[in-house]
Amino acid sequence: MDLKTLTGALGVSGFEEEVRQRLAEAVPEAEADELGNVYARGRARLVFAAHMDEVGLLVTSIEDDGRLRFRKVGSVDDRILPGTTVVLYGEGFRVEGVIGIAPPHFHQRQEQITWQDLFIDIGASSRDEALSLGISPVTPAAFARRYAEMGRFVSASALDDRVGCWILLEAYRRGAPATYVWTVQEEMGLLGARALSRGIEGKYVVVVDTMACCHPGYTGNAKPGQGPVLRLFDSYAAYSNKLARRVLEIARRRGVPVQVGSGGGGTDAAAFLMAGVPAVSIGILTKYSHSPVEMVHKDDVRHAVELLVALAEEIR
């Protein structure tokens with residue numbers, strides 16, 4: 001399965017079924033728990049993890065004129081919403097929608113717009129018409145899908161964290177011995193990882209996630225194209241220094257470029273750490289995080305796969 005296919009699946013937090021189905025096709029022995037986490041057990045002491053879900057929106061009500069009120073799912077900047085196209089989805093249906101805004105002709109001064117001021121327009125003229133399309137309160141809306149290769153970069157919707165999911169798939173395809181875990185609801189507070197962390201069969205956990213770029217206050221001198229980032233600290237935790245040193249030693253000996261940095265927000269590594277399992281996070285530097293046009297450098301993705309394979313071969 002290629003990265004384009006994986007980013008094309010819709011998977012707002014709590015509604016990850018399309019992503020789960022594609023992973024099941026690629027990993028026949030994979031199982032799912034009650035919450036929806038997917039895992040493929042290995043005999044090694046090492047666990048690789050990445051989250052399936054993405055930020056998005058959720059319908060809260062349908063107006064009489066067919067427009068949809070919504071709330072945000074995960075951290076989404078209000079400034080990107082006006083003019084954004086979305087896909088509302090559920091069992092057996094997909095419906096295109098737009099988040100419109102009155103043109104500047106109707107404004108004498110620029111006003112601050114928040115998500116509470118906005119609607120999703122699906123072209124319906126009444127509540128009944130919207131309902132007939134399958135839309136109801138608690139219908140998820142994902143950013144409309146796009147995938148483009150631009151020089152050494154890939155830009156796509158939901159690279160956070162489908163790129164991490166794909167890196168795990170590629171390490172699995174190459175036979176790297178580990179337990180593989182794809183979690184749900186990371187964007188809602190690491191909920192999937194929290195649920196399975198206490199029962200995980202492994203001694204060490206390496207989480208692969210995206211990392212917002214490029215902000216010197218958070219990421220230091222780390223730059224796209226110079227390797228994945230060993231993320232030692234973020235808003236949730238300071239990660240395992242002992243495991244981090246081992247990762248760096250293996251990477252240097254195997255000739256895999258790895259940068260060192262810290263980040264904002266958090267990753268599933270914090271959930272495993274809170275359960276007493278040594279964990280680190282490998283960050284793929286990402287431009288325009290939590291937007292429909294996230295960008296990652298192809299070399300960072302390639303080197304992240306090489307790093308996982310090297311770790312799996314040496315941490316037994």
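The values are calculated or read from the model by the stated rules, or taken from the named source; none is laboratory data. All values derive from a computational prediction rather than experimental measurement. Neighbour counts run over all protein chains shown; Cβ positions are idealised from the backbone, glycine included.
A few remarks follow.
- In the set 178, 212, 193, only one residue is in the same structural domain as residue 49 (by TED's automatic domain parsing) and over 19 Å from residue 237 (Cα atoms); that residue is 178.
- The condition (being touching a Pro at 6+ places or on another chain (Cβ under 7 Å), over 26 Å from residue 88 (Cβ atoms) and not hydrophobic (A, V, I, L, M, F, W, C)) is satisfied by just one residue among 204, 180, 172: 204.
- The range 106-202 holds helices (runs of 4 or more DSSP H) entirely within its bounds, and those carrying 3 or more residues that are modelled with pLDDT under 95 and surrounded by 12 or more Cβ atoms within 10 Å (Cβ to Cβ) map to 191-197.
- The residues of the range 265-288 that are surrounded by 20 or more Cβ atoms within 10 Å (Cβ to Cβ) and assigned to a loop (DSSP other than H, G, I, E, B), listed by number, are 267, 268.
- Qualifying positions in the range 12-35 - part of a loop (DSSP other than H, G, I, E, B) and either in contact with a Pro (Cβ under 8 Å, 6 or more places away or on another chain) or more than 19 Å from residue 172 (Cβ to Cβ) (or both): 13, 14, 15, 34, 35
- Residues in the range 19-67 that are under 19 Å from residue 87 (Cβ atoms) and within 21 Å of the chain's Cα centre (by Cα): 12 in all.
- Here is the figure for the range 293-316: residues that are over 18 Å from residue 181 (Cβ atoms), at pLDDT below 95 and buried (at least 18 other Cβ atoms within 10 Å of the Cβ) total 0.
- Within the range 219-243, the residues that satisfy the criterion of being at pLDDT 90 or above, closer than 27 Å to residue 153 by Cα and not in a loop (DSSP other than H, G, I, E, B) are 229, 230.
- Check on residue 87, assigned to a strand (DSSP E or B), in contact (Cβ under 8 Å) with a residue 40 or more places away in the chain and surrounded by 13 or more Cβ atoms within 10 Å (Cβ to Cβ): yes
- Scanning the range 130-148 for residues that are free of Cβ contacts under 8 Å to residues at least 24 places away in the same chain and more than 18 Å from residue 92 (Cβ to Cβ) gives a single hit, 148.
- Index of the failed condition, residue 252 passing every other in (1) over 21 Å from the mean Cα position of the chain (by Cα); (2) under 24 Å from residue 39 (Cα atoms): (2)
- The residues of the range 30-45 that are among the acidic types (Asp, Glu) and surrounded by 11 or more Cβ atoms within 10 Å (Cβ to Cβ), listed by number, are 31, 33.
- Test: residue in the range 267-275 that is touching a residue at least 40 places away in the same chain (Cβ under 8 Å), charged (D, E, K, R) and not assigned by TED's automatic domain parsing to the domain that holds residue 82: yes
- Filtered residues of the range 50-67 (kept if in contact with a helix residue (DSSP H, G or I) (Cβ under 7 Å, 6 or more places away or on another chain) and either surrounded by 19 or more Cβ atoms within 10 Å (Cβ to Cβ) or assigned to a strand (DSSP E or B) (or both)): 50, 51, 52, 53, 54, 55, 62, 66
- From 86, 55, residue being of a type in the set (Val, Ile, Thr) and closer than 30 Å to residue 202 by Cα: 55
- Selection status of residue 262, surrounded by 15 or more Cβ atoms within 10 Å (Cβ to Cβ), in contact (Cβ under 8 Å) with a residue 12 or more places away in the chain and of a type in the set (Ser, Thr, Tyr): yes
- Any chance residue 310 is touching a strand residue (DSSP E or B) at 6+ places or on another chain (Cβ under 9 Å) and in a helix (DSSP H, G or I): no
- Of the criteria (1) over 20 Å from residue 305 (Cα atoms); (2) touching a strand residue (DSSP E or B) at 6+ places or on another chain (Cβ under 7 Å), which one residue 52 fails: (1)
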